[in-house]
Amino acid sequence: MFSWVVTGAALSVLLGCLLLTGSSSGSKLKGPELSLKGTQYVIQADQTLYLKCRGEVAHSWSLPKTVSKESKRLSIITSVCGRNGKQFCSTLTLGRAQANHTGYYSCRYLSTPVSKKKKTESTIYIFINDTGRPFVEPHSTMPETVHMTEGQEMIIPCRVSAPDIMVTLKKFQIPDMKTLIPDGKTIIWDNKRGFIIPKPTYRFIGLLSCETTINGLLYSTNYLTYRQDNTIIDVQLSTPNPIKLLKGQTLALNCTVTAAWNTRVQMTWNYPGEANNRASITPRFDPSNSQANVFYSTLIIDKVQSKDKGLYMCRVQSGPSFKSANTTVHVYEKPFITVKHRKQQVLETIAGKRSYRLSMKVKAFPSPEVVWLKNGLPATEKCARYVAHGYSLIIKDVAEEDAGDYTILLSLKKAKIFQNLTTTLIVNVKPQIYEKAVSSFPDPNLYPLGSQQSLTCTVYGVPQPTIKWIWHPCSQNYSKARYDFCSSNDRSFTLDADSNVGNRIQTITQRMAIIEGKNKIASTLVVADSRASGIYSCVASNKVGHVERNISFYVTDVPKGFHVNLEKMPAEGEDLKLSCMVSKFLYRDITWILLRTVNNRTMHHSISKQKMAVTKEYSITLNLTIKNVSLEDSGTYACRARNIYTGEEILQKKEVTIRDQEAPYLLRNLSDQIVAISNSTTLDCQAKGVPEPQITWFKNNHEIQQEPGCNFNS
């Protein structure tokens, strides 16, 4: 409420002004007197309110807060009055009074009278009746907040502009509104104050509405009651950052605040035109959310100008809590497009990459239409792996064929503005070795001792790879069987055409070869004389990476790496001699077994007292000797060895049939021969028997001995 004080000096200047009618200098007042008697008075809206006050001392007026002292409607004239001018008078005039001027009007002494029994203030409640505005202070879009302290009186201040208006109090709750009926105890109606709740509890927390019906029209005013909380959950702006507008367009920003149920907030805006009130700001409350309070504030500027560009901030405060959200507004004079390379004009990526983003640096407004071309053709139509996103083209699962020239076309057709820019994409390919991809054999190759061999690596990559050959010799430890003694992790030597380390190199050559439609490099290393075992590695490298193919080069003196030999088929009583030779680079766990068939099942029988296998430079040999064989020793003898690389057991079999003994006999008798002196002759003696007979020659019953001029051939 506003108050004005009229001092004694002012009164002396106004001597002779209007006196309060009927007063006399001799009358004694009990306190300030108002011209309108009683506790309340009703006038109609747009009428003029006249109210006079007289008293024994200077006094001031207390008015409703809605009556502004700067208002041209308000006039207060002070004067001296009474007989001999010993009383103080003032007249209050309020022209075209409105419903929101309803309230208490008080006249109060500025100083305390001599007699303490006299009152110092007179008050009257003025109703300014307006059928179109039954509530003095309506809050329809944004509810007025009312603080509640449990156990203390709470007032819902839905005052009315006429004393006889019937008002209903309702509480908003899902799904319906609940009517709260005044009972004179828990809820009391007072047309000068509103609804009085002497001892409010939690059930009065929420959105309350005062409603009345005048001439068939429903009017309401809303209040949000709360127990103090200052939790601001979130502040968001509806428009993305930054905002771009053309001069003359409309700027609309909506700030949404989510706060705890009992939190009330103050929302303000900071923006470039704030000092000149460039924006229209509208607050709003959303009562539909049952979990939190949601507040809105909408800022609108019609026909933006360059001066409206800058930072716009929505500031939210609740007690000590503060949060904000901001955005930047750009205002452009006219449409435009500029485009530049984000990095360099030529870009590089790697084949096999999950995705690659081709991106241009574009500044434009409004947003232009974007089309990407690859080598002059629409990119996204050419390949499903191409996805346009803003000013970028995303290439999924990058492949070599994605290399080429990419052009971005930008257009604002209405403004007839067009721009384009081309960038070149190089797709680098990590080196690939063709033979490594097609080879599916786990076993290494064996190379005959002393042979000439050609080893080839066919390589492809972007940029073109360089190729080098490396030799990894095998360990030369023959004392015991080792199965890891030849590895590319051992010492190594880089080779050239003149290298003699390991095996003598005859040539290392390179040539171009078209394989599967691609121009590949074929590098061939020729080994002149296979003597040393090891691993040849061809290594292809470019700036993307390198790839290596290891060629196991195992020299063998065993045909096909596994060979079984029977010295001769023995007769009963002779010795059976078998030998098994395997490449030491391919086999291990060598042993002899005897295969027997029992009930149509082949059984493996181990042979006892086998000798130790002998490891040499290229092979492992295991000899088997069975002395004084009998017919029962006939059967299938097998040399069994385990493949080092596959783990498979391999058998090489030899059928042995022990021959029964048979007395020697001549296949053909000797015949007489006549030989001239000094000539030579041959006598042929053919015999058979088991075991093989030994032949001895006799002359005149004397054994002939080997001597010059006499030769024996078996």
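Which members of segment 365-397 meet the condition of being surrounded by fewer than 19 Cβ atoms within 10 Å (Cβ to Cβ) and either touching a Cys at 6+ places or on another chain (Cβ under 9 Å) or in a strand (DSSP E or B) (or both)? Before the answer, list the steps.
Going through segment 365-397, the residues surrounded by fewer than 19 Cβ atoms within 10 Å (Cβ to Cβ) turn out to be 365-367, 369-371, 375-378, 380-385, 387-390, 392, 394, 396-397.
Result: Phe365, Glu369, Val370, Val371, Leu377, Pro378, Val387, Ala388, His389, Ser392, Ile394, Lys396.
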Leading residue by the ranking (surrounded by the most Cβ atoms within 10 Å (Cβ to Cβ)) among those in segment 445-474 that are farther than 11 Å from Gln510 by Cβ and β-branched (Val, Ile, Thr): Val462
Could you give every pair whose Cβ atoms fall below 7 Å, whose first residue belongs to segment 138-151 and is within 17 Å of Cys210 (Cα to Cα), and whose second residue is of a type in the set (S, T, N, Q) and modelled with pLDDT of 85 or more, counting only separations of at least 6 or pairs across chains? Pro138/Thr221; His139/Thr221; His139/Asn222; Ser140/Ser220; Ser140/Thr221; Ser140/Asn222; Pro143/Asn222; Val146/Thr225
Just to be sure before I move on: is Thr141 touching a Lys or Arg at 6+ places or on another chain (Cβ under 8 Å), surrounded by 17 or more Cβ atoms within 10 Å (Cβ to Cβ) and modelled with pLDDT under 95 in the structure I sent? no
When both residues are 6+ apart or on different chains and their Cβ atoms are under 7 Å apart, which pairs have a first residue that lies in segment 687-709 and is without any contact (Cβ under 8 Å) to a residue 12 or more places away in the chain, and a second that is aromatic (Phe, Trp, Tyr) and surrounded by fewer than 10 Cβ atoms within 10 Å (Cβ to Cβ)? Ile704/Phe698
Which ones in segment 236-248 are closer than 20 Å to Lys334 by Cα and surrounded by 15 or more Cβ atoms within 10 Å (Cβ to Cβ)? Ile243, Lys244, Leu245
Given the conditions (1) in contact with a Lys or Arg (Cβ under 7 Å, 6 or more places away or on another chain); (2) in the same structural domain as Ile650 (by TED's automatic domain parsing); (3) among the basic types (Lys, Arg), every one holds for Arg549 apart from (2)
Return yes when Thr221 is in contact (Cβ under 8 Å) with a residue 40 or more places away in the chain, surrounded by 18 or more Cβ atoms within 10 Å (Cβ to Cβ) and not aliphatic (A, V, I, L, M) and no when it is not. yes
Cβ pairs under 6 Å, 6+ apart or interchain, first in segment 343-361 and surrounded by 15 or more Cβ atoms within 10 Å (Cβ to Cβ), second of a type in the set (D, E, K, R) and not in a loop (DSSP other than H, G, I, E, B), ordered by first then second residue, are Ala351/Glu400
Residue ID - farthest from Ser630 (Cα to Cα), chosen from residues in segment 681-698 that are surrounded by 10 or more Cβ atoms within 10 Å (Cβ to Cβ) and among the charged types (D, E, K, R): Lys688
Using beta carbons and a limit of 6 Å, which pairs, at least six apart or on different chains, have the first residue in segment 617-634 and more than 15 Å from Arg588 (Cβ to Cβ) and the second one hydroxyl-bearing (Ser, Thr, Tyr)? Asn623/Ser579; Ser634/Thr657
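A quick yes/no check of all residues on (1) under 18 Å from Arg227 (Cα atoms); (2) in contact with an Asp or Glu (Cβ under 8 Å, 6 or more places away or on another chain):
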position: Ile155; (1), (2): yes, no
position: Lys171; (1), (2): yes, no
position: Thr186; (1), (2): no, no
position: Trp189; (1), (2): no, no
position: Ile196; (1), (2): yes, yes
position: Pro200; (1), (2): yes, yes
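Looking for whichever is β-branched (Val, Ile, Thr), under 30 Å from Asn643 (Cβ atoms) and either assigned by TED's automatic domain parsing to the domain that holds Thr646 or touching a helix residue (DSSP H, G or I) at 6+ places or on another chain (Cβ under 7 Å) (or both) here; the options are Val598, Val501. Which one fits? Lay out the reasoning, then the answer.
On the way: Val501 fails: either assigned by TED's automatic domain parsing to the domain that holds Thr646 or touching a helix residue (DSSP H, G or I) at 6+ places or on another chain (Cβ under 7 Å) (or both).
Only one candidate passes the filter, namely Val598.
Could we say that Phe562 is within 28 Å of Gly461 (Cβ to Cβ), among the aromatic types (Phe, Trp, Tyr), at pLDDT 90 or above and within 60 Å of the chain's Cα centre (by Cα) here? Write out each step before concluding.
Numbers: within 28 Å of Gly461 (Cβ to Cβ): no; among the aromatic types (Phe, Trp, Tyr): yes; at pLDDT 90 or above: yes; within 60 Å of the chain's Cα centre (by Cα): yes.
Spelling it out, it is not the case that Phe562 is within 28 Å of Gly461 (Cβ to Cβ), among the aromatic types (Phe, Trp, Tyr), at pLDDT 90 or above and within 60 Å of the chain's Cα centre (by Cα).
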Consider Tyr219 against the criteria (1) of a type in the set (Ser, Thr, Tyr); (2) assigned by TED's automatic domain parsing to the domain that holds Met148; (3) not in a strand (DSSP E or B): it satisfies all of them except one. Which criterion is unmet? (3)
Among the residues of segment 565-592, which ones are surrounded by fewer than 19 Cβ atoms within 10 Å (Cβ to Cβ) and of a type in the set (Val, Ile, Thr)? Thr591
Quick test of your reading of the structure: Val42 fulfils all but one of (1) part of a strand (DSSP E or B); (2) buried (at least 20 other Cβ atoms within 10 Å of the Cβ); (3) in contact with a strand residue (DSSP E or B) (Cβ under 6 Å, 6 or more places away or on another chain); (4) not hydroxyl-bearing (Ser, Thr, Tyr). Name the failing condition by number. (2)
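Here is a check on your reading of the model: is Val316 surrounded by 14 or more Cβ atoms within 10 Å (Cβ to Cβ), over 30 Å from Phe336 (Cβ atoms), of a type in the set (A, V, I, L, M) and at pLDDT 95 or above?
yes
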When Glu211 is evaluated against the numbered criteria (1) in a strand (DSSP E or B); (2) surrounded by fewer than 18 Cβ atoms within 10 Å (Cβ to Cβ); (3) outside the structural domain of Arg315 (by TED's automatic domain parsing), which criterion, by number, is the only one it fails? (2)
Cβ-Cβ distance below 6 Å, separation of 6 or more or different chains: which pairs start in segment 510-527 with a residue that is closer than 14 Å to Val539 by Cα and end on one that is of a type in the set (Lys, Arg)? Ala522/Arg511
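The values are calculated or read from the model by the stated rules, or taken from the named source; none is laboratory data. This one's a predicted model, so the numbers in the text were calculated from it and none came from an experiment. Note: ideal-geometry Cβ built from the backbone for every residue, glycine included; neighbour counts use all protein chains shown.
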